[in-house]
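Asks: Supplied in structure tokens, the structure appears directly below.
Derivation of every value follows stated rules applied to the coordinates shown; laboratory data play no part. In this text, all values refer to a predicted model and were calculated from it rather than measured experimentally. Note that each Cβ is placed from the backbone with ideal geometry, even for glycine, and that neighbours are counted across all protein chains shown.
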Amino acid sequence: MSVPQYKRVVIKLSGEALAGDQGFGLVPNIVKSVAEQIKEVVDLGVEVALVVGGGNIWRGKIGSEMGMERANADYMGMLATVMNALALQDSLENLDVATRVQSSIVMTQVAEPYIRRKAVRHLEKKRVVIFAAGTGNPYFSTDTTAALRAAEINADVILMAKNNVDGVYSADPKTNADAVKYDNLTYLEVIQQGLQVMDSTASTLCMDNDIPLIVFSIMENGNIKRAVQGETIGTVVRRNS
């Protein structure tokens, strides 16, 4: 068995990745597949934290189109991430993977409140920790949540699992046949070129804290394990080239 390259990882999973081709809601087989891939990594002895988005249930853009106040729309998005987190928790625990959901918005009936030291202790005990409800503040994306939590728990890397692309491209490969895939980038290049990897707040936070990022496709089984073992997949983003 290959030795994992990373001891502690944050997996950033978009809500859309759980919706499959239907684009909305949860597809049980996909949720189960993601949980199985996470279990493979846990079985290697890697400490795993998850940050999940909520775009399969609610997007702030919908709120804007309705004329909704941005803060309210963002809070609704945070609640959507809690729903996804609970679905992942259930699927992981059906695979006998000990899991804790920590929410940035207090809702003690369904999740623990986010406490950094407690999250770290869970990880040390090899429990998967799912960070839900974003940062608990409007105007911040779940990409920024992933960067912030990775810095707080001293994660070795952020694994950004995508459902519609296998790395970072110069343009949208679905609409531009000339789009070029990058194997390696710096955060400064991502920001300067306006590449759609993560928002600028998250990119800057990762750059300032020297947290590497690997962007890859979640749709190919085993990719999370490959990334953890240091195989060359997707695109790697670092502070320095």
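Asks: Would you pick out the residues in region 48-82 that are outside any helix (DSSP H, G or I), among the small types (G, A, S), farther than 16 Å from V34 by Cα and touching a residue at least 24 places away in the same chain (Cβ under 8 Å)?
Replies: G55 - this is the single residue of region 48-82 that is outside any helix (DSSP H, G or I), among the small types (G, A, S), farther than 16 Å from V34 by Cα and touching a residue at least 24 places away in the same chain (Cβ under 8 Å).
Asks: Output yes when any residue across region 75-90 is under 21 Å from L18 (Cα atoms), surrounded by 14 or more Cβ atoms within 10 Å (Cβ to Cβ) and aromatic (F, W, Y), and no when none is.
Replies: So far as region 75-90 goes, yes, one or more of its residues are under 21 Å from L18 (Cα atoms), surrounded by 14 or more Cβ atoms within 10 Å (Cβ to Cβ) and aromatic (F, W, Y).
Asks: Determine if region 135-145 includes at least one residue that is hydrophobic (A, V, I, L, M, F, W, C), in a loop (DSSP other than H, G, I, E, B), more than 18 Å from L79 (Cα to Cα) and in contact with a Ser or Thr (Cβ under 8 Å, 6 or more places away or on another chain).
Replies: The answer is no; no qualifying residue exists.
Asks: Given the conditions (1) under 26 Å from D156 (Cβ atoms); (2) in contact with a helix residue (DSSP H, G or I) (Cβ under 9 Å, 6 or more places away or on another chain); (3) of a type outside the set (V, I, T); (4) outside any loop (DSSP other than H, G, I, E, B), report the number of the one that A85 does not fulfil.
Replies: Condition not satisfied by A85: (2).
Asks: Next up: Quick check, is L159 within 19 Å of V10 (Cα to Cα), out of contact with any Cys (no Cβ under 9 Å at 6 or more places or on another chain), hydrophobic (A, V, I, L, M, F, W, C) and not in a loop (DSSP other than H, G, I, E, B)?
Replies: Yes, satisfied.
Asks: Scan (1) over 23 Å from N163 (Cα atoms); (2) buried (at least 21 other Cβ atoms within 10 Å of the Cβ) for the single condition V106 breaks and write down its number.
Replies: All conditions are met except number (2).
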